[in-house]
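Okay, structure first, notes after.
The values are calculated or read from the model by the stated rules, or taken from the named source; none is laboratory data. Note that this is a predicted model, so its numbers are computed, not measured. Please note: Cβ atoms are built from the backbone with ideal geometry, for glycine as well, and neighbour counts cover all protein chains shown.
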């Protein structure tokens with residue numbers, strides 16, 4: 001039977017450490033980490049996510065600024081808002097809650113965020129930096145997965161890793177981060193033929209496809225580590241992942257639950273990145289220059 005990796009417990013432990021770091025930073029340098037969260041429109045799920053992030057900030061002492069804008073806002077107006085936050089010395093992290101309205105150019109908005117304040121890790125500078133190991137901030141969800149593996153002392157070097165899902169937010173950066181730790185990585189996606197022939201070879205299986213119950217026991221190698229990033233709401237209201245938890249947990253060595261696995265770590269890594277940004281500000285006040 002697999003050991004269940006308790007992401008909620010790890011997140012709670014890390015947040016206690018982060019509160020101490022914030023307190024120490026304030027005493028030592030007179031700086032309180034600040035995070036600006038931009039919410040456009042009235043999407044109910046986005047509002048919940050933003051509220052959770054703001055509460056998490058408050059719990060560790062980070063100053064959070066919630067900026068709500070109407071759905072009708074233009075790309076130019078949103079970019080101007082971000083540029084004003086880029087130049088605000090009291091703001092160390094900027095987060096734009098996705099998705100944005102269809103008429104807004106998401107790429108232009110994300111690229112407007114200064115790389116040194118891009119605590120979500122979505123700026124092209126940070127995404128590209130994953131390839132060469134010089135990113136300023138790692139995307140929060142893959143970063144959280146790495147922390148979960150570290151917390152259980154699960155070796156990554158030399159392991160066969162299969163990532164199911166090739167999104168820019170999770171799948172691709174996850175693969176790059178694990179490659180940087182000397183894993184052998186395969187990425188599978190919606191057009192992969194015979195998914196099971198790949199997943200059965202995985203020592204570590206990371207699933208972020210957004211398909212409930214996609215991974216069943218016969219697709220998993222005995223003793224594999226299974227990290228379920230999926231969050232799906234079923235018609236009966238239950239929240240489940242992409243993995244058949246009951247079946248796969250009888251075969252895996254480690255497994256993350258949904259909810260309570262990767263989810264709590266995503267917001268926790270946002271806090272980590274924001275605090276790290278403020279700490280970096282005390283050591284290196286000059287901004288990171290844009291790549292030519």
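What to note about this one:
- Restricting the search to helices (runs of 4 or more DSSP H) fully inside segment 116-199 and requiring at least 1 residues that are modelled with pLDDT of 95 or more gives 140-151, 171-179, 196-199.
- Any hit, segment 46-58, residues being in contact with a helix residue (DSSP H, G or I) (Cβ under 7 Å, 6 or more places away or on another chain), outside any helix (DSSP H, G or I) and modelled with pLDDT of 95 or more: no
- Of the residues making up segment 15-60, those that are in contact (Cβ under 8 Å) with a residue 60 or more places away in the chain and either under 24 Å from residue 74 (Cα atoms) or crowded, with 20+ Cβ neighbours inside 10 Å (or both) number 12.
- When every residue of segment 83-93 is checked against the conditions, none turns out to be over 22 Å from the mean Cα position of the chain (by Cα), assigned by TED's automatic domain parsing to the domain that holds residue 42 and farther than 14 Å from residue 36 by Cβ.
- In segment 94-103, the condition of being in a helix (DSSP H, G or I), outside the structural domain of residue 230 (by TED's automatic domain parsing) and either without any contact (Cβ under 8 Å) to a residue 40 or more places away in the chain or surrounded by fewer than 13 Cβ atoms within 10 Å (Cβ to Cβ) (or both) is met by no residue.
- Some residue of segment 32-45 being assigned to a helix (DSSP H, G or I) and either more than 25 Å from residue 167 (Cβ to Cβ) or at pLDDT 95 or above (or both): no
- Test: residue in segment 173-192 that is at negative phi, crowded, with 18+ Cβ neighbours inside 10 Å and without any contact (Cβ under 8 Å) to a residue 24 or more places away in the chain: yes
- Condition broken by residue 1, with the remaining ones in (1) out of contact with any helix residue (DSSP H, G or I) (no Cβ under 7 Å at 6 or more places or on another chain); (2) modelled with pLDDT under 95; (3) more than 30 Å from residue 222 (Cβ to Cβ) satisfied: (3)
- Residue within segment 231-246 that is within 18 Å of residue 163 (Cβ to Cβ) and touching a residue at least 60 places away in the same chain (Cβ under 8 Å) present: yes
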